[in-house]
Amino acid sequence: MKIDFTRVMSIDFLIRHKSTGNPESLASHLGISKRTLFETLNFMKDSLHAPIIYDRYRCTYLYNEEGMMLFAFFKGKKKDIDKAIAKAIKGLLMVFLLSNLELTELLILLGL
């Protein structure tokens, strides 16, 4: 199974902000199938040890512990790194558009 880490970071962001919605709406927002969503969530739980739970009362995914996903190193040639950065920025912009954050809130989250 191929995992899209931009998707993982987007899901992480939405989980931390308690704004994933139910599985159908989250899959729709991410432009993926429910099956792909569940595969990604299972990967996050099993391989990345993310303590993800689903709150049926709030209809959103949550972490049952404080934390976030961090990816710190990318090995590759400059052009590959530039492509990865552009993809990450695109993912962040998509998260920004899907969430109801103000631009100033996004800049604060990014430390800018």
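The residues listed here are Thr20, Thr60, Thr40; of these, the one that is modelled with pLDDT of 75 or more, under 21 Å from Lys2 (Cβ atoms) and β-branched (Val, Ile, Thr) is Thr40.
Applying the selection to region 1-41, what residues are aromatic (Phe, Trp, Tyr) and under 29 Å from Ile108 (Cβ atoms)?
Phe5, Phe13, listed by residue number.
The values are calculated or read from the model by the stated rules, or taken from the named source; none is laboratory data. Since the structure is predicted, the reported quantities are computational estimates derived from the model, not experimental observations. Here the Cβ is made from the backbone with ideal geometry for all residues, glycine too, and neighbour counts use every protein chain on show.
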